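Enquirer: Structure below; questions to follow.
The values are calculated or read from the model by the stated rules, or taken from the named source; none is laboratory data. Given the structure is predicted, the values throughout are model-derived calculations rather than measurements. Every residue, glycine among them, receives a Cβ derived from its backbone with ideal geometry; neighbour counts consider all protein chains shown. What goes into the accessible areas is simple: the full protein's heavy atoms, side chains included, and nothing from ligands, DNA or RNA. Shrake-Rupley method; radii C 1.70, N 1.55, O 1.52, S 1.80 Å.
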Amino acid sequence: GYCNLNKFRIYANPGLYIMKLIIYNSNENLIFKSNRIYFDVNACDSKQAVLTDIMGMHYCEEPICKPNCPIPERAECIPDLRYSINSPLLNQCQCFPGYYGFNCENKEFEDYRYFKKINK
């Protein structure tokens, strides 16, 4: 048989955990080398939105910005960490260095008019 768990998610506060596997099967007994999986749940990184489920467990999401935020070309979406809400109305579109403007549409250029030329 085949068991696909590619959408399997664990909601837990940061820490070390042990997951015990139990599989009920009506055809035959399954033998595991080990029925325990040890894993570490990390805290969200500083660029992720931290949300809390109804059981009080924290989980991470990539922040959502307004559609006009030019991610990933010229900007990144920064979560508002004051609230446990991932909302484009609260998160900030932050321009990468070298870009500015409401939608990071302007490119900054260095003004070389005031640099002195150094002759060797």
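Enquirer: Filter segment 80-107 down to the residues that are modelled with pLDDT under 90 and open to solvent by less than 100 Å² (accessible area, probe 1.4 Å) and list them by number.
Expert: S84
Enquirer: Would you point out which residue out of N86, N103 is over 14 Å from the mean Cα position of the chain (by Cα) and either assigned to a helix (DSSP H, G or I) or more than 25 Å from L16 (Cβ to Cβ) (or both)?
Expert: N103
Enquirer: While we're on this one: Under 7 Å between Cβ atoms, which residue pairs at least 6 apart in sequence (or on different chains) link something in segment 34-46 that is modelled with pLDDT under 85 with a partner that is surrounded by fewer than 12 Cβ atoms within 10 Å (Cβ to Cβ) and of a type in the set (A, V, I, L, M, F, W, C)?
Expert: Listed pairs, sorted by first residue: N35/L21.
Enquirer: So which residues in segment 35-75 are open to solvent by less than 70 Å² (accessible area, probe 1.4 Å) and among the hydroxyl-bearing types (S, T, Y)?
Expert: Result: T52, Y59.
Enquirer: Still on this structure, please answer the following. At pLDDT below 80 and over 27 Å from Y100 (Cβ atoms): is that true of C3 in this structure?
Expert: Working: at pLDDT below 80: yes; over 27 Å from Y100 (Cβ atoms): yes.
Considered against the rule, which asks whether it is at pLDDT below 80 and over 27 Å from Y100 (Cβ atoms), C3 comes out as yes.
Enquirer: Same structure again: Between a residue in segment 51-76 that is closer than 11 Å to Y11 by Cα and assigned to a strand (DSSP E or B) and any residue that is modelled with pLDDT of 85 or more and aliphatic (A, V, I, L, M), which pairs come within a Cβ distance under 6 Å, given they are 6 or more apart or on different chains?
Expert: H58/V50; Y59/L51
Enquirer: So, in segment 7-38, how many residues would count as being assigned to a loop (DSSP other than H, G, I, E, B), of a type in the set (S, T, Y) and closer than 19 Å to M57 by Cβ?
Expert: So the first thing to find is which residues in segment 7-38 are assigned to a loop (DSSP other than H, G, I, E, B), and the list is 7-14, 21-35.
Right, trim to of a type in the set (S, T, Y) and you get 11, 24, 26, 34.
In the following step, the residues that additionally are closer than 19 Å to M57 by Cβ were identified as 11.
Residues meeting the conditions: 1.
Enquirer: Now for a separate question. Just to be sure I understand the filter: pairs with C-beta atoms under 9 Å, separated by 6 or more residues or on different chains, first member in segment 8-26 and surrounded by 10 or more Cβ atoms within 10 Å (Cβ to Cβ), second member part of a loop (DSSP other than H, G, I, E, B) and among the β-branched types (V, I, T). Which pairs pass?
Expert: Sorted first by the residue in segment 8-26, then by its partner, the pairs are Y17/I10; M19/I10.
Enquirer: For R113, which of the numbered conditions (1) part of a loop (DSSP other than H, G, I, E, B); (2) over 29 Å from Y59 (Cβ atoms) fails to hold?
Expert: (1)
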